[in-house]
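The values are calculated or read from the model by the stated rules, or taken from the named source; none is laboratory data. Keep in mind the model is a prediction, meaning the values are calculated, not measured. So basically every Cβ, Gly included, is an ideal-geometry build from the backbone, and we count neighbours across all protein chains shown.
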Amino acid sequence: MVERRASKLDDGYLDTVLVGGREERQVEIVEYDPSWPEVFEEHRRHLLTALGGTARTVEHIGSTAVPGLAAKPIVDIMVTVDNPDDEATYLRPLEEVGYVLRVREPDHRMFRTPERDVQVHIWRAGCADEERHLLFRDHLRSNPDDRAAYAALKRSLAGHWRDVNYYAEAKGPFIRRTEELARRGAEQ
């Protein structure tokens, strides 16, 4: 999904960053699947083999990385590299092992499997996006009340969307509040 931090997402922006255009989608939220960490590990191995030293970190992020959290059945993976805008260091290796480029925006790329069950996000090592995704994931792993509230929000938003990025944007206020709580907690 497009990780743009602006408060208003629009079709014009999506049309510039989505490779292949916008896609109407039915968002389905399912109960946590204990096989998601295994799916991540399998893809982690493929990614590390394909990218070698180009990959600085490979992390399981998003809802499928939080045991017990209902989610879209799509495993999100974060790979950090020195420079996401230097596609020559990773584009071809990822395509050769079957990932398809879906999002191209400054300092962020997103690939997915043809089955659309795994998304690989490429970010700059040490960037704010890396920190916020890990903070959010770790906070939900350790806070059952916020985990339950997030699951309820996602279920309330499930359904048909003119593009899944609008679904992601609708979750934004909750995510930003939770990230701020997690940040404050980490600072204490």
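Taking the residues in the stretch 103-147 that are surrounded by fewer than 20 Cβ atoms within 10 Å (Cβ to Cβ), among the aliphatic types (A, V, I, L, M) and within 23 Å of E38 (Cα to Cα) as candidates, determine which candidate is nearest to the chain's Cα centre (by Cα).
L134
Within the stretch 82-102, count every residue that is farther than 15 Å from H46 by Cβ and either crowded, with 21+ Cβ neighbours inside 10 Å or under 15 Å from the mean Cα position of the chain (by Cα) (or both).
3
Does L48 satisfy being in a loop (DSSP other than H, G, I, E, B) and either in contact with a Phe, Trp or Tyr (Cβ under 9 Å, 6 or more places away or on another chain) or not charged (D, E, K, R) (or both)?
Values: in a loop (DSSP other than H, G, I, E, B): no; either in contact with a Phe, Trp or Tyr (Cβ under 9 Å, 6 or more places away or on another chain) or not charged (D, E, K, R) (or both): yes.
No; evaluated as a whole, the condition is false for this residue.
Going by the conditions given, is R44 in contact with a Lys or Arg (Cβ under 8 Å, 6 or more places away or on another chain), basic (K, R), without any contact (Cβ under 8 Å) to a residue 40 or more places away in the chain and surrounded by 14 or more Cβ atoms within 10 Å (Cβ to Cβ)?
Details: in contact with a Lys or Arg (Cβ under 8 Å, 6 or more places away or on another chain): no; basic (K, R): yes; without any contact (Cβ under 8 Å) to a residue 40 or more places away in the chain: yes; surrounded by 14 or more Cβ atoms within 10 Å (Cβ to Cβ): yes.
Here the answer is no, as R44 does not meet what is asked.
Working carefully through the options P106, P84, find the one that is modelled with pLDDT under 95 and within 21 Å of Y13 (Cβ to Cβ). Outline the logic, then answer.
Values: P84 fails: modelled with pLDDT under 95.
From the options P106, P84, the qualifying one is P106.
Quick one: F40 ticks every box in (1) over 15 Å from Q119 (Cβ atoms); (2) hydrophobic (A, V, I, L, M, F, W, C); (3) part of a helix (DSSP H, G or I) bar one, so which box is it?
Going through (1) over 15 Å from Q119 (Cβ atoms); (2) hydrophobic (A, V, I, L, M, F, W, C); (3) part of a helix (DSSP H, G or I) one by one, F40 breaks only (1).
Where residues in the stretch 172-188 are out of contact with any Phe, Trp or Tyr (no Cβ under 8 Å at 6 or more places or on another chain) and either outside any helix (DSSP H, G or I) or in contact (Cβ under 8 Å) with a residue 12 or more places away in the chain (or both), which of them is farthest from K154 (Cα to Cα)? Steps first, please.
Within the stretch 172-188, the first condition is being out of contact with any Phe, Trp or Tyr (no Cβ under 8 Å at 6 or more places or on another chain), and the residues that meet it are 172-173, 176-177, 180-181, 183-188.
Still in the running and either outside any helix (DSSP H, G or I) or in contact (Cβ under 8 Å) with a residue 12 or more places away in the chain (or both): 172, 181, 183, 185-186, 188.
Details: G172: 11, L181: 19, R183: 22, G185: 24, A186: 25, Q188: 29 Å.
Here the residue is Q188.
Looking only at the stretch 30-40, decide whether some residue is closer than 23 Å to T178 by Cα, in contact with an Asp or Glu (Cβ under 9 Å, 6 or more places away or on another chain) and at pLDDT 95 or above.
No.
Working only within the stretch 50-99, note down all residues that are of a type in the set (D, E) and farther than 30 Å from N143 by Cβ. Step through it out loud before you land on a result.
Filtering the stretch 50-99 for residues of a type in the set (D, E) gives 59, 76, 82, 85-87, 95-96.
Residues satisfying the conditions are D82, D85, D86, E87, E95, E96.
For the list (1) assigned to a strand (DSSP E or B); (2) in contact with a helix residue (DSSP H, G or I) (Cβ under 9 Å, 6 or more places away or on another chain); (3) closer than 15 Å to E59 by Cα, I need the number of the one condition that E131 fails.
(1)
Among the residues of the stretch 87-115, count how many are assigned to a loop (DSSP other than H, G, I, E, B) and either in contact with a helix residue (DSSP H, G or I) (Cβ under 6 Å, 6 or more places away or on another chain) or under 29 Å from R177 (Cβ atoms) (or both). Spell out the reasoning first.
Residues of the stretch 87-115 that are assigned to a loop (DSSP other than H, G, I, E, B), as a first pass: 90, 97-99, 106-107, 113-115.
Right, trim to either in contact with a helix residue (DSSP H, G or I) (Cβ under 6 Å, 6 or more places away or on another chain) or under 29 Å from R177 (Cβ atoms) (or both) and you get 90, 97, 106-107.
Residues in the stretch 87-115 being assigned to a loop (DSSP other than H, G, I, E, B) and either in contact with a helix residue (DSSP H, G or I) (Cβ under 6 Å, 6 or more places away or on another chain) or under 29 Å from R177 (Cβ atoms) (or both): 4 in total.
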